[in-house]
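> Right, I'll just put the structure down here and ask away after.
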Amino acid sequence: MNKGTEFKKGMKAAIPIGLGYVPIAIAFGILSKASDIPNTISIMLSMLVYAGASQFAGVNMMALGVTAMEIVIATFILNFRHFLMSASLSQRVDEGTSKRFLSLLSFGITDETFSLASMREEKKLNPYFLLGINTLAFLSWNAGTWLGLLLGTALPDALQNSMGIAIYCMFIGLLLPSMKKSRPVLVVAAMSMAIHALLKWIPMFAEISSGLTIIIATIGGAAIGTIFFPEGVED
Amino acid sequence: MTNLYILVILMALVTYIPRLLPMVFLKDMKLPPLLKVFLQFIPYSALGALIFPGILTSTGDIYSALAGGIMAVILSLAKANVMIVVVGGILGAYIVMMLT
């Protein structure tokens, strides 16, 4: 298949991500504005950092006057989970993709683009398909940010709030079919959910930042899976 | 103000580097079979951790979150495509939010 077709297929597959990103990015733009962060800084955050939760946290900390060092460290920890995702995705990208193309693709790794790409049935993923996913996701995030900054008002409250669940529903739609099909997947996902819930709910762990709890739960679930199902996910 | 620009650049760097390094360096490396299995499980594990318990607080109140979540589960078990699951989940949450 040619590059253009793959690219378009990727953009189309990423529409659910766009639907989830726009309202969150609008909220980000509004929060930035309300926190007196200059528009250029908010726009740069969405273009260059391009990682939702850390942008919200970053703007909050800037407004509170937290030191730059602390903000950078918090950002690093919060976004470090992408390291695992990048490692996992590296094994799925078509052989022969140039290092330059890979570095471009890696910029677009988010929880959502990674999940969407990983749940594809194809064993190897076309880099142009991945680029299509990343492009639509990136554009939606940045368009939403501009909208939030310019309009300064969100969608009606109830709609804005209910759209907060969009990303989670996409995750469910991606994960459940595999959980139903494969016992190893069922065990891995159930374990990481259980570990994450324990880390969130047991007061003793309250000090652990949410960036770290996700990493611990992700490594924990995958490690348990590797121990009990060393043959992996059969196709 | 210049400080804020430098801060954003630093935030961008510490975010991009972990995204970049494994993709570029692990791509052509021969990995031990168990590490490959571990990496194969990462997406499922990450999805589990991303969904739960975060979904419970995604809409601001637990009832609408549960309604949206259950709707999404039912639709995806019924093999609806992801777009339908997302729209159905939003509607489920929205309806319960309007009712309560």
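> Out of the range A:223-235, which residues are touching a Phe, Trp or Tyr at 6+ places or on another chain (Cβ under 6 Å) and of a type outside the set (Gly, Ala, Ser)?
Hit for the range A:223-235 is A:THR226, nothing else.
> Please find, within the range A:43-61, the residue that is nearest to B:LEU4 (Cα to Cα) out of those that are surrounded by fewer than 22 Cβ atoms within 10 Å (Cβ to Cβ) and facing chain B (nearest Cβ under 9 Å).
The extreme case among them is A:MET44.
> Can you tell me which residue within the range B:1-35, out of those that are modelled with pLDDT under 95 and charged (D, E, K, R), is surrounded by the fewest Cβ atoms within 10 Å (Cβ to Cβ)?
Restricting to residues being modelled with pLDDT under 95 and charged (D, E, K, R), the top hit is B:LYS30.
> How about the range B:35-61: which of its residues are aliphatic (A, V, I, L, M) and in contact with a helix residue (DSSP H, G or I) (Cβ under 6 Å, 6 or more places away or on another chain)?
The answer is B:VAL37, B:LEU39, B:ILE42, B:ALA46, B:LEU47, B:ALA49, B:LEU50, B:ILE51, B:ILE55, B:LEU56.
> Among the residues of the range B:44-87, count how many are farther than 22 Å from A:LEU186 by Cα, at pLDDT 95 or above and crowded, with 21+ Cβ neighbours inside 10 Å.
Going through the range B:44-87 one residue at a time, the tally reaches 3.
The values are calculated or read from the model by the stated rules, or taken from the named source; none is laboratory data. What you are looking at is a predicted structure, and each value in this text was computed from that prediction instead of being measured. Every residue, glycine among them, receives a Cβ derived from its backbone with ideal geometry; neighbour counts consider all protein chains shown.
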